[in-house]
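The structure under discussion appears below in the form of structure tokens.
The values are calculated or read from the model by the stated rules, or taken from the named source; none is laboratory data. The model shown is predicted, which means the values in this text are computed figures rather than measured ones. Glycine also receives a Cβ, built like all others from the backbone with ideal geometry; neighbour counts cover every protein chain displayed. Remember, those area values only see protein heavy atoms, side chains included, never the ligands or the DNA or RNA. Shrake-Rupley method; radii C 1.70, N 1.55, O 1.52, S 1.80 Å.
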Amino acid sequence: NSLLPVVDLLIREVKRTINFYETKSGGQTIKRIVLTGGSSGLPALVNHLANGLNIEVQNSNLMLKIKQDSSQISPDLLPHFGVAFGLAMRQ
């Protein structure tokens, strides 16, 4: 509850960004937002963003692109590895 004012500010800024993009893109629309990073695991964040933006919001599944066994990494920690996995995929 203490973070709701900040999340609501984020929703307003994302709406402005989406509006700008859709205005300049020649009719293309944003259909989904994918969250990553440690904060993406905050309770109810996905639902609050989806309701506030009227767009599908989901947490990223980093392991879809990784061909290695990830069973040693806790699923709760996976969002923290976004940058590291991206850099590793660049070789």
Looking at the structure I just gave you, is Ile18 open to solvent by less than 60 Å² (accessible area, probe 1.4 Å), in a loop (DSSP other than H, G, I, E, B) and either modelled with pLDDT of 75 or more or not acidic (Asp, Glu) (or both)? no
Count - residues of the range 21-43 that are surrounded by 10 or more Cβ atoms within 10 Å (Cβ to Cβ), modelled with pLDDT under 90 and not in a strand (DSSP E or B): 7
Somewhere in the range 76-88, is a residue surrounded by 12 or more Cβ atoms within 10 Å (Cβ to Cβ) and either assigned to a loop (DSSP other than H, G, I, E, B) or modelled with pLDDT of 95 or more (or both)? no
